[in-house]
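What follows is one structure encoded as structure tokens, with my remarks underneath.
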Amino acid sequence: MTLITPTARMHASVHGGRAKCLQRLIRLDMPVPTTVALSFDAVREIAKGILPDCKTLMAPFGDQPLLSVRPSSQDPDWGGPSAILNIGMNDARHAQMVGEMGEWAATVLYLRFVQAYAVHVARLDPDEFHMPQEADAQSLRAMLKAYELETDEPFPQDPGRQLVETLRSMARAWDGTTARLLREAKGAPKDAGLGLVVQAMALGVGAGECGSGVIQYVSSTTGQPQVTGRYMSQSQGREALSNKARAIYLTEDDRGPALAELLPDVFENLLAYGDVCRRRLREEMQVEFAIDWDGLHILDAVRIQRSSRAAVRIAVSLAQDGIIPREEAVLRIQPSALSELLHRQVDPEASRDLIVRGIAASPGAAAGKIVLTAAEAQASAARDEPCVLVRRETTPEDIRGMHAAQAVLTMRGGVTSHAAVIGRGIGVPCVVGASDLTIDRKKRQIIAPDGRKFSVGDVITVDGTTGQILAGEPAMQEAALDTSFQTLLEWADDVRDIGVRANADTPADAQTARNFAAEGIGLCRTEHMFFEGDRLGVMREMIFAEEGADRRAVLDRLLPMQRADFQALFEIMQGQSVCVRLFDPPLHEFLPSDKQGLRDLAEQMALPLPEVTERVDALSEYNPMLGMRGVRLGIAIPEIYDMQARAIFEATAAVRRKGIEITVEIMIPLVSAMREVELVRARVDAVANAVMAQTRMRFAYKLGVMVETPRAALRAQDIAEHSEFLSFGTNDLTQMTYGLSRDDAGRFMSSYVQQGVYPEDPFHTLDIEGVGELIALGAARGRAGRSDVILAVCGEHAGSRAAIAFCREHKFDYVSCSPFRVPVARLTAAQLALRDRIKS
Ligand code: PEP
Ligand code: MG
């Protein structure tokens, strides 16, 4: 038991955050009523039935006090039992107060106490203990009678017993299962303690202008300076916030009366206290106050609740005003909160009509009419009608539809499935693996697990932040890339010690990457370029070509298109590095799989249908992801890589002519043997020399390897002898290390994680123990082969905290992640660097 004075020994880890904060307010000379703090240990004892000595506890409060008890957990966000006010009210005190402040005020106080005590301490049915409309002798009698009926004893009259029972009930409530689960969900440790503060009541009820209110000085939504809150005459606690009819505004307001007019001096004092809180507590606080015949009392102050946007604004403005260092502002923001700012979100206040839950694969929320094919999505976009593309799973053929849609929903797949990767890349909200949803193609409907049917054209919302699919369109919050956001990230960059690049395939992606200050492109997947416009047809002709010469002729038609793609990308990324990955997917992905598609292809190729079908069949593989793809294709059909290398180098020359400098890097996918690199390098070098001769220009470029097979990691030493850089592709590397299909793992992953087989989905959280060991080994062997080899990670994990920490530890040069994850990665990397500094 500690009386809170400016010098009392008081610590948040012993007495809780509220007790510590009250001491700070007292030190700042604020009019805080007398308060005693009970430590975590004391409250644990009380829960066990070892009660404090009441006389000692009540001594600081003088004769016949009225008291409140509030919870004081270490972190205020961990919650605690409800506060109990007016402890000490009994028949005698009531009779005395009737004389002092009138019957109404005294009866209100007594009624409030009986009601709170009955519900929270005696744990009686709340429905039996409503506050009555009229606070008069009759309703008081009725409530006391109800208490007696329910408990078989009169309402306790001894203030000491009232207090002790209150303390005991609050101490026990903290140990309840629900309370424990709730606080653990907010990050509280299992043994988190509860402190309690016992405070003299500032009544807020009585003769003259008495009341209570709550004030804060910035908006919880935007973080901008704005006085908000309410005051209510003859009220207690936080009542002013819930009673719209009787509460008044704080600052002058056209909508009604305000405290600033009613009690201008009190209001001025509140403003001054807000300023002191901000400067001395180094936080934006919400202050609870009461007014009575003695003037203003400050009862409590808590950190204001805040949206992510407000959190950024508040941290930056505290640092700009010199109240906290910039580094602290950088450390105060949860990196994941940034991704909320980058996208529209469902308004946290909006009600949600849940259809189904899936895996949150690309953050942000968007609503649109249901469409079931990429073609319908494009048609919908052409009509300017927002749509949601719903597919069992997406394939590269759906790319244009995904671009046209506002959001994407798939029934299959996990966080590295095609839909998820593309969704994140282009910033389209996406939910995958919603396996409880059924598509009825014939009836053109989707069927929710509860049987509700939604037809094509019905509006649904995809919340890619939470993984929820909602009926209709709830209210949304817009993205908020304000100057505070930019400033915070600039400060983060000042302390960051690992590069952050973006995975970007298109000029739009590259522009996003630039806007988010990525330091270049770490992975440009080129295959998407072959699905655009009429290129798919040309691509199919190339696949069907019998001879190398025919193939080259068709590829010559693709060359100018590829060159234009790269040129556009290079122009946007000028002054930076762009790492282009050569063609990776199996060829059959470019071929149709259904009858109609085959017929169309036969027509296009002017070939008989059986021949086309036979050729398509011949290209199909049992396990295409481990088949003829990546560098294997580059070795078997070298003309494709030749064309790509030429397009890259010609584009380099073309932008050079415009005075644009770019560092070109060419990356070979799916390597498993050093000889693959040697062969590809020889051809790429030959193309480079040819282009340099033709253009009479010299340009440097780097050639490197994507390490995404376990063998490439094991053989990194000899591979690095032929590679200027090694970029670890953690998607395929995870898939192959675990022997786990990245497209199918979603089916059983949740049961695996639930049963603790894997601690997390390894496609979501980098498996440091296994895949990480392989990467560390590959990095060390790579360095042994070439001491200055550039090391990077470019799989989907790259923007995550675990991966960035790992990469920093192993002194990697950069991580490369989806453009929308770049800000999150910049902040995460900065925080890790700062934490290291603090440790050392
Ligand atoms: C990877 O495998 O980690 C990778 C980045 O490439 P992709 O996802 O295109 O296979
Ligand atoms: Mg890969």
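The values are calculated or read from the model by the stated rules, or taken from the named source; none is laboratory data. All values derive from a computational prediction rather than experimental measurement. Please note: Cβ atoms are built from the backbone with ideal geometry, for glycine as well, and neighbour counts cover all protein chains shown.
What to note about this one:
- Meets criteria (over 24 Å from Ala549 (Cβ atoms), assigned by TED's automatic domain parsing to the domain that holds Phe566, within 16 Å of ligand 2 (Cβ to nearest atom) and modelled with pLDDT of 95 or more) for Leu703: no
- Where Arg18 falls short, out of the listed (1) in a helix (DSSP H, G or I); (2) in contact with a Pro (Cβ under 8 Å, 6 or more places away or on another chain); (3) closer than 16 Å to Val164 by Cβ: (3)
- In the range 383-398, the qualifying residues are those that are buried (at least 22 other Cβ atoms within 10 Å of the Cβ) and not in a loop (DSSP other than H, G, I, E, B), and the one that is farthest from ligand 2 (Cβ to nearest atom) is Cys387.
- Each residue in the range 688-708 was checked for being more than 16 Å from ligand 1 (Cβ to nearest atom) and not in a loop (DSSP other than H, G, I, E, B), and 11 of them qualify.
- Residues satisfying the stated conditions in the range 711-734, i.e. of a type outside the set (A, V, I, L, M) and within 13 Å of ligand 2 (Cβ to nearest atom): Ser727, Phe728, Gly729, Thr730, Asn731, Asp732, Thr734
- Looking only at residues of the range 253-270 that are of a type in the set (D, E, K, R) and surrounded by 12 or more Cβ atoms within 10 Å (Cβ to Cβ), we find that the one that is nearest to the chain's Cα centre (by Cα) is Asp253.
- Being surrounded by fewer than 14 Cβ atoms within 10 Å (Cβ to Cβ), within 14 Å of Gly537 (Cα to Cα) and more than 47 Å from the chain's Cα centre (by Cα) holds for only one residue in Ala602, Ala606, and it is Ala606.
- Residue that is surrounded by the fewest Cβ atoms within 10 Å (Cβ to Cβ), among those in the range 121-172 that are among the polar types (S, T, N, Q) and free of Cβ contacts under 8 Å to residues at least 24 places away in the same chain: Gln133
- Every residue from the range 626-665 that is within 16 Å of ligand 2 (Cβ to nearest atom), outside any loop (DSSP other than H, G, I, E, B) and among the hydrophobic types (A, V, I, L, M, F, W, C): Leu626, Val631, Leu633
- Output for the range 518-559, where each listed residue is within 16 Å of ligand 1 (Cβ to nearest atom), closer than 18 Å to Asp584 by Cα and either modelled with pLDDT of 90 or more or in contact with a strand residue (DSSP E or B) (Cβ under 7 Å, 6 or more places away or on another chain) (or both): Ile521, Gly522, Leu523, Cys524, Arg525, Thr526
- Candidates are the residues of the range 744-760 that are buried (at least 20 other Cβ atoms within 10 Å of the Cβ) and within 16 Å of ligand 1 (Cβ to nearest atom); the one that is farthest from Glu678 (Cα to Cα) is Gly746.
- Matching entry among Ser308, Ser242 (being under 26 Å from Leu338 (Cα atoms) and under 34 Å from the mean Cα position of the chain (by Cα)): Ser308
- Index of the failed condition, Ser818 passing every other in (1) touching a Gly at 6+ places or on another chain (Cβ under 8 Å); (2) farther than 19 Å from Ala337 by Cα; (3) within 16 Å of ligand 1 (Cβ to nearest atom): (2)
- Residue within the range 778-792 that is part of a loop (DSSP other than H, G, I, E, B) and within 16 Å of ligand 2 (Cβ to nearest atom) present: no
- Pairs, first under 10 Å from Arg632 (Cα atoms) in the range 661-673, second in a loop (DSSP other than H, G, I, E, B) and away from ligand 1 (no atom under 15 Å from the Cβ), C-beta under 8 Å, six or more apart: Ser672/Arg715
- Failed item in (1) within 30 Å of Cys54 (Cβ to Cβ); (2) of a type outside the set (D, E, K, R); (3) modelled with pLDDT under 95, with Phe289 passing the rest: (3)
- Restricted to the range 648-675, and to residues there that are within 16 Å of ligand 1 (Cβ to nearest atom) and touching a helix residue (DSSP H, G or I) at 6+ places or on another chain (Cβ under 7 Å), the residue that is nearest to Leu733 (Cα to Cα) is Leu670.
- Applying a threshold of 7 Å to beta carbon distances and a minimum spacing of six or more residues, or different chains, the list of pairs starting in the range 718-738 at a residue that is farther than 15 Å from Gly772 by Cβ and ending at one that is basic (Lys, Arg) and away from ligand 1 (no atom under 11 Å from the Cβ) reads Ala720/Arg786; Glu721/Arg786; His722/Arg681; Glu724/Lys702; Phe725/Lys702.
- Filter pass, Ala367 being in the same structural domain as Cys430 (by TED's automatic domain parsing), among the hydrophobic types (A, V, I, L, M, F, W, C) and either in a helix (DSSP H, G or I) or at pLDDT below 95 (or both): no
- Asn623 being within 16 Å of ligand 2 (Cβ to nearest atom), surrounded by fewer than 16 Cβ atoms within 10 Å (Cβ to Cβ) and not small (Gly, Ala, Ser): yes
- Residues located in the range 736-762, provided they are out of contact with any helix residue (DSSP H, G or I) (no Cβ under 6 Å at 6 or more places or on another chain) and aromatic (Phe, Trp, Tyr): Tyr738, Phe748, Tyr752
- Taken as a whole, the structure leaves Thr410 outside the set of residues that are within 16 Å of ligand 2 (Cβ to nearest atom), within 26 Å of His588 (Cβ to Cβ), buried (at least 19 other Cβ atoms within 10 Å of the Cβ) and outside the structural domain of Leu523 (by TED's automatic domain parsing).
- Extreme residue, surrounded by the most Cβ atoms within 10 Å (Cβ to Cβ), among residues of the range 582-597 that are part of a loop (DSSP other than H, G, I, E, B) and within 16 Å of ligand 2 (Cβ to nearest atom): Leu582
- Counting only helices (runs of 4 or more DSSP H) that sit wholly inside the range 164-268, those with at least 1 residues that are modelled with pLDDT of 90 or more, of a type outside the set (Lys, Arg) and more than 30 Å from Asp41 (Cα to Cα) are 259-262.
- Thr737 being crowded, with 24+ Cβ neighbours inside 10 Å, at pLDDT 95 or above and within 16 Å of ligand 1 (Cβ to nearest atom): no
- Meeting the requirement of 2 or more residues that are over 17 Å from Val371 (Cα atoms), in contact (Cβ under 8 Å) with a residue 12 or more places away in the chain and hydrophobic (A, V, I, L, M, F, W, C), the strands (runs of 3 or more DSSP E) wholly within the range 438-526 are 499-503, 521-525.
- Residue check for Thr652: in the same structural domain as Met529 (by TED's automatic domain parsing), of a type outside the set (Lys, Arg) and crowded, with 21+ Cβ neighbours inside 10 Å: yes
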